[in-house]
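All remarks here apply to the structure that follows.
The values are calculated or read from the model by the stated rules, or taken from the named source; none is laboratory data. Everything numeric in this text was worked out from a predicted model, so none of it was measured. Positions of Cβ are generated from backbone atoms using ideal geometry, with glycine treated the same way; all protein chains shown enter the neighbour counts. SASA here: full protein model, heavy atoms, side chains in, ligands and nucleic acids out. Shrake-Rupley method; radii C 1.70, N 1.55, O 1.52, S 1.80 Å.
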Amino acid sequence: MEKKPEILDTRLVARSRLFGIESVHLRFTNGEEREFERLRTPPIAAVMCVPMLDDDTVVLIREYGAGVEDYVLTLPKGAYEHGEDWREAANRELKEEAGYGARNLTLLKDMTLSPGYMGHRIHVALAEDLYEERLPGDEPEPLEVLTWKLSELESLVQRDDMNEARVIAALYMARAVLQRRTLP
């Protein structure tokens, strides 16, 4: 196992209402020193749900993505609120964004978004045995809720409005788990 680089210095170089940018000075085991910039890791984690109405029907939402300046198909997701664990956060986000709760939640994967410049992590959960329940959310407009068959996943990922890599990865992971369950 290789030894991790030594962090020599970390300092905040810019801050906005939502983001902080840090400069990180590292020394690698071969003596090389480099300075990297990264987004400051938020103090709370996030969760994303893959809500399944049945073994083939996933619930999606359409919401505006300010980063890409367009509406995108995505999965319910958001940050933990104070004191929540991943299950509580997943169920709350699912109720707020899609109008469903889940009786069964399975952690699929803990993922990073872009480890080269940010440490943010998101927990991906398979949500099953859904029931209708809506909580008020914090979205500026109502979210469109729609369904898609995982057996038609390839046609979904070909759509221009399905372009978030972590959502696509989560859908493929969920499909694989569900397919393994049906194997003899």
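For residue 116, state whether it is among the small types (Gly, Ala, Ser) and surrounded by fewer than 18 Cβ atoms within 10 Å (Cβ to Cβ). Here the answer is yes, as residue 116 does meet what is asked.
If only residues of segment 14-42 that are farther than 18 Å from residue 116 by Cβ and part of a loop (DSSP other than H, G, I, E, B) are counted, the one that is most open to solvent (accessible area, probe 1.4 Å) is 17. Which numbered condition trips up residue 125, out of (1) open to solvent by less than 30 Å² (accessible area, probe 1.4 Å); (2) at positive phi; (3) small (Gly, Ala, Ser)? In the conditions (1) open to solvent by less than 30 Å² (accessible area, probe 1.4 Å); (2) at positive phi; (3) small (Gly, Ala, Ser), residue 125 misses (2) alone.
The requirement of being out of contact with any His (no Cβ under 9 Å at 6 or more places or on another chain) and touching a residue at least 12 places away in the same chain (Cβ under 8 Å) is satisfied by residue 129. For segment 43-57, the set of residues classified as in contact with a Lys or Arg (Cβ under 8 Å, 6 or more places away or on another chain) and assigned to a strand (DSSP E or B) consists of 46, 47, 48, 49, 57, listed by residue number.
Just one of the listed residues (11, 92, 87, 103) is modelled with pLDDT of 90 or more, part of a helix (DSSP H, G or I) and open to solvent by 40 Å² or more (accessible area, probe 1.4 Å), namely 87.
Looking at 175, 181, 166, 159, can you tell me which residue is part of a helix (DSSP H, G or I), within 18 Å of residue 71 (Cα to Cα) and either open to solvent by 80 Å² or more (accessible area, probe 1.4 Å) or not hydrophobic (A, V, I, L, M, F, W, C) (or both)? 166 is the lone residue from the list that is part of a helix (DSSP H, G or I), within 18 Å of residue 71 (Cα to Cα) and either open to solvent by 80 Å² or more (accessible area, probe 1.4 Å) or not hydrophobic (A, V, I, L, M, F, W, C) (or both). Among the residues of this structure, residue 67 counts as one that is closer than 19 Å to residue 115 by Cα, among the small types (Gly, Ala, Ser), open to solvent by less than 90 Å² (accessible area, probe 1.4 Å) and assigned to a loop (DSSP other than H, G, I, E, B).
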